[in-house]
Structure formats: C-alpha cells, structure tokens
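Notes follow the structure.
The values are calculated or read from the model by the stated rules, or taken from the named source; none is laboratory data. Computed from a prediction, not measured in an experiment: that's the story for all the values here. Don't worry about glycine lacking a Cβ; one is built from the backbone with ideal geometry, like all the others, and counts go over all protein chains shown. Heads up: the accessible areas ignore ligands, DNA and RNA and are worked out on the full protein's heavy atoms, side chains in. Shrake-Rupley method; radii C 1.70, N 1.55, O 1.52, S 1.80 Å.
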Amino acid sequence: MKFYANFKMKHTRASTSKYIEDINKELEDVDCANIYIFPPATALQESSKKVVVGAQNGYFENSGAYTGEIGIEQLDEFNIKTILIGHSERREILGESQEFIAKKFNFYKEKNFDIIYCIGEPLEVREQGEDALFEYLFAQFEGIDTSYSNITIAYEPIWAIGTGISATTKDIELVHNKLKSKFSADILYGGSVKVDSIESIKEIESVDGVLVGSASLDAKEFAKLIKKGLIA
Ligand code: PEP
C-alpha cells in the first residue's frame, strides 16, 4: 500500500517540519516506503527519511511571469520530483480546464516527475448511472498519457472528499476495476479515508494506495492509519 497526505491549504512551514519529525518518529520501526506528503507551497522542503515531499501544484514553465505560481526552479530548490495534478478542488474552485491540466501533465512528464493524477465525479453524475459516470471520468484522461511510467492515478469521487462519507467498497470497485482493465498504473482511492475505514479499503484488490486529506493532518493519526493499512 502507498499512502499520500494532501494538506491542502493547512499547516505552515513550522508545523510541516514538526509533522515530518513526528511521523518519522512514529514510523521509526515500521518497515514502510511510499509515504508521501503534499504541504502548501510555502512549506515545501526536502524529503526526509520515511517521508517523500511532493507539490500540490506547479505551473508548466521553469520560471517566469506567472503571478502566484511556482515552477521547476522553485521545486528544484527542494529536490521535489512528485506532483499532484488534476485535483477536483483545482478543477472546480480554481477553474482548471482539462486542456490546462493536460499541459501541466505533459510538462511534468517531460521532467520525469512522479505524477499523481486525480480524477473524480460529482454526485449528480454518479446518480445518472454507469454510462454517465464513465463518460465523465474518461473525459478527464483527455490529453493524458496514461502509459507514462511514473503516473499514479487517484480516483477521488468529489462527493466523498471532505464530507466524512467514504465511498463503499462496491462504489470503489466499480471504478477501480474499470480503470485496472484499461491502465497498468497504480490506482489510489481518495475521499474521507479514516483510521476506521482503512482496514476495509485496503482489502479491495484494485486499490494500490490511498490519498488522504483530513485524516492525514495529524502526524500521529496518519501514522496510525498507515500502520493499520500495512497489516496483512
Ligand atoms: C482529498 O482532497 O484529496 C481528500 C481525499 O480529502 P479527504 O480525505 O478529507 O476527503
């Protein structure tokens, strides 16, 4: 299992450093790789021991006149080589179009980044049935090279993000099995994953890992979730 923590616009530089220190301590005796955290841009720092640090966002240039953005020059300073692309909050709140997202994807692919590529549907689409669901989800792969060797796909139904209502095993299997039948990439599930739900989620064969928001913010709680997720 792989574990990814998306801090969103939470945590500061100081609290992220403390978090990394704490989680490294919590996981000291745990045989685990593949623990990733995505702090806000102001808290980016070098990866350390058990924890790989990635970026929540990046623009498709090395540097330049792009107010508010960061690019390769800023990421290189901390040896960041992992990035989240296509998160629903950037699609829905920041208005990122599929074309814009594909530009980012192709730029970071050229730079050989590990890309966590997020897709997900709103509730009204899920309620329209399977055909509408897959039409919506597959449109989010337009312009995306799913055979890229460093892509990991994260399926995050929007209705399950931050709501406390995780998708059911059946909901997750429906999408993950379909994605597995088409792509060879690892596939993460994200959407209200908690310490209490990780045990059933890890049993789903087509789930290779989890992308966690709220339940990742406390280092001890996230370490607990990781330990539970690793138990065979
Ligand atoms: C997320 O936004 O990536 C996420 C999965 O958040 P939460 O775990 O809080 O639903």
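Some observations on this one:
- Output for the stretch 203-227, where each listed residue is assigned to a helix (DSSP H, G or I), open to solvent by 50 Å² or more (accessible area, probe 1.4 Å) and more than 16 Å from Asn24 (Cα to Cα): Ser214
Residue by residue, here is whether (1) surrounded by 12 or more Cβ atoms within 10 Å (Cβ to Cβ); (2) hydrophobic (A, V, I, L, M, F, W, C); (3) touching a residue at least 60 places away in the same chain (Cβ under 8 Å) holds:
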position: Thr67; (1), (2), (3): no, no, no
position: Thr82; (1), (2), (3): yes, no, no
position: Leu94; (1), (2), (3): no, yes, no
position: Lys104; (1), (2), (3): yes, no, no
position: Ile116; (1), (2), (3): yes, yes, yes
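- For Gly162, the stated conditions hold: it is under 21 Å from Asn57 (Cβ atoms), touching a helix residue (DSSP H, G or I) at 6+ places or on another chain (Cβ under 8 Å) and either in a helix (DSSP H, G or I) or open to solvent by 40 Å² or more (accessible area, probe 1.4 Å) (or both).
- Count of the stretch 199-232 residues which are without any contact (Cβ under 8 Å) to a residue 40 or more places away in the chain and within 11 Å of the ligand (Cβ to nearest atom): 1
- Checking Glu124, Glu142 one by one, the residue that is assigned to a helix (DSSP H, G or I) and either out of contact with any Lys or Arg (no Cβ under 7 Å at 6 or more places or on another chain) or at negative phi (or both) is Glu124 and no other.
- Residue check, Tyr136 open to solvent by less than 30 Å² (accessible area, probe 1.4 Å) and among the aromatic types (Phe, Trp, Tyr): no
- Every pair of residues 6+ apart whose Cβ atoms lie under 9 Å, when the first sits in the stretch 147-159 and is closer than 9 Å to Glu121 by Cβ while the second is assigned to a loop (DSSP other than H, G, I, E, B) and near the ligand (Cβ under 10 Å from one of its atoms): Pro157/Gly120; Pro157/Gly191; Ile158/Gly120; Ile158/Gly191; Trp159/Gly120; Trp159/Ile165; Trp159/Gly191
- Top-ranked residue of the stretch 184-198 - restricted to ones that are among the hydrophobic types (A, V, I, L, M, F, W, C) and away from the ligand (no atom under 13 Å from the Cβ), ranked as nearest to Tyr36 (Cα to Cα): Ile187
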